[in-house]
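Trainee: The structure is given below, and queries will be raised subsequently.
What follows draws every value from the coordinates through simple rules; no lab data is involved. This structure is a prediction, so every number in the text was calculated from the model and none was measured. A quick note on method: Cβ atoms are made from the backbone with ideal geometry, for glycine too, and the neighbour counts reach across all protein chains shown.
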Amino acid sequence: MKFINSFSELAAVQQYDTIACDIYGVLHDGYEPYPYTLQTLAHLESSNQVVLLSNSSRMYPALSHQLSSTFNILPTAYNDILSSGKLTRLFLEDCQRYLDGQATTTRLGVQDFCAQQGWTAQKAVRFFIAGGVDYLGPLYDGLDCFEPTEDWDAMAFVLLGSIKPLYGTDKVDPFDEASVIAHYRPFLEKCLARKVPVICTNPDVWAPSGVNTDGSQRLLICPGYVGEMYKAMGGQVLYFGKPYKTIYDYLGEGSGGGKILCVGDNVATDVLGANDVGLDVVLILGGVHAKQFPDLHDHHSVFAQVRQLCQEAGTQEPTYVMPYLRWN
């Protein structure tokens, strides 16, 4: 593990062909881009392929639009976006091929999953949307073997994509653990009783989301939190995205065999995932773990805290640590 302040330090000693960069917690905090984001992306894209590697439930069109309209990060700043949402869409497309009797085209475990669930082409596979149609609609639009339902007794699976109210006029606060647990537990208990699998389209548990009124970092509860709840209850959860190998398989195919450097702010997803597939990784300290690094100038303390986070996540150290995404 090496502490670097900027990519220019790294470029002088190590060359990479593809930079696979996280979005939330690296490029922006949910409200505004970090100070050096635009400058850094401009430098990186001029000499590398830049792929935005995200655990977002959304796909390229929605993500690109948000990056451009909200954060002034234009499509010219990167070459592609590979997201959890994209892999979920590929999985559901392959499920449709399987149900139509066609050969599946991905390595996402479609045949075993569909057979395990007992799905057939004779009737539509009904599913419950946990996260809002605006977010999740593009993941199943045009796939006629799937049919959304609000009937908990009719759903064959749950498509989980964001923390939103599930029913009636009840509300849920995505910044309050007690609120999320109380809101989702009855629903998950129903799922568990019927052995309904949850497809989690965003494995992140927490994400940075601006600051509190006192200036401290605010963290947003993500779908991965609910996925972990259901898993702990004994439910079946199918995840797409980091740290799972499938997203890195697609990243590798798109890189043309060149050397890849991953960049992310979350030890449990970005560092664990990159380490598991043997890729170098930069841990950005100013993202989701920012509270745990009060003094970025104290490298001894930083390294000790990173090692503790890695131990908790069950992974090796990152290749590099960097305070914020920065070129020089």
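Trainee: Please enumerate, by chain and number, the aspartates and glutamates with C-alpha under 14 Å from the C-alpha of Lys123, excluding those fewer than 8 residues away in the same chain.
Mentor: Filter leaves Asp100, Asp144, Glu147.
Trainee: Also, I was wondering about something else. Largest first and to the nearest Å, give the Cα extent of segment 88-238 along each principal axis.
Mentor: Largest first, segment 88-238 extends 57, 29, 26 Å along its Cα principal axes.
Trainee: Looking at segment 88-238 only, what percent of DSSP beta bridges run antiparallel? Nearest 5 please.
Mentor: 25
Trainee: Under the definition of Cα pairs under 8 Å and six or more residues apart, what whole-number percent is the relative contact order of segment 88-238?
Mentor: 18
Trainee: Report the relative contact order of the chain, percent, no decimals, based on alpha-carbon pairs under 8 angstrom and at least 6 residues apart.
Mentor: Relative contact order for the chain comes out at 23 percent.
Trainee: Report, in deg cm²/dmol and to the nearest 500, the calculated mean residue ellipticity at 222 nm for the chain, where each DSSP H run with n ≥ 4 adds -39500 (n - 2.57) and the sum is divided by the residue count.
Mentor: For the chain, the value works out to -11000 deg cm²/dmol.
Trainee: Another question, if that's okay. What ranking do 77-90, 216-229 get when scored by the average of other Cβ atoms within 10 Å per residue, highest first?
Mentor: In descending order of packing, they fall as 77-90, 216-229.
Trainee: Return the single residue from Gly241, Gly287, Gly101 with maximal mean-square fluctuation; model: Gaussian network over the chain, springs between Cα atoms under 10 Å.
Mentor: Highest fluctuation among the options: Gly101.
Trainee: Same structure, new question: Taking amide H positions as placed in the peptide plane 1.01 Å from N, state which residues far from Ile81 in sequence (5 or more) or on other chains have amide H under 5 Å from it.
Mentor: So Ile81 has HN proximity to Leu52.
Trainee: With +1 on the Cβ of every Lys and Arg and -1 on the Cβ of every Asp and Glu, and nothing else charged, how large is the dipole of the chain about its Cα centre, in debye rounded to the nearest 20?
Mentor: In total the dipole reaches around 380 debye.
Trainee: So what's the net charge close to Phe303: Lys and Arg +1, Asp and Glu -1, counting the other residues with Cβ under 11 Å from its Cβ?
Mentor: Taking every other residue near Phe303 into account, the sum is 0.
Trainee: Continuing with the same structure: Out of all DSSP beta bridges with both ends in the chain, state the antiparallel percent to the nearest 5.
Mentor: Percentage antiparallel, nearest 5: 10.
Trainee: Measure nothing but the geometry: give the 0 to 90° angle between the long axis through the Cα atoms of 37-47 and the longest principal axis through the Cα atoms of the chain, rounded to 10°.
Mentor: 90
Trainee: Could you tell me which chymotrypsin sites (Phe, Trp or Tyr not before Pro) in segment 1-72 are loop residues by DSSP with no more than 15 other beta carbons within 10 angstrom of their beta carbon?
Mentor: For chymotrypsin sites (Phe, Trp or Tyr not before Pro) across segment 1-72 that sit outside H, G, I, E and B with at most 15 neighbouring Cβ atoms in 10 Å, the list reads Tyr31.
Trainee: Given the options Gln292, Gln308, Gln116, which has the most mean-square fluctuation in a GNM of the chain, springs set between C-alpha atoms less than 10 angstrom apart?
Mentor: Judging by the Gaussian network model, the answer is Gln116.
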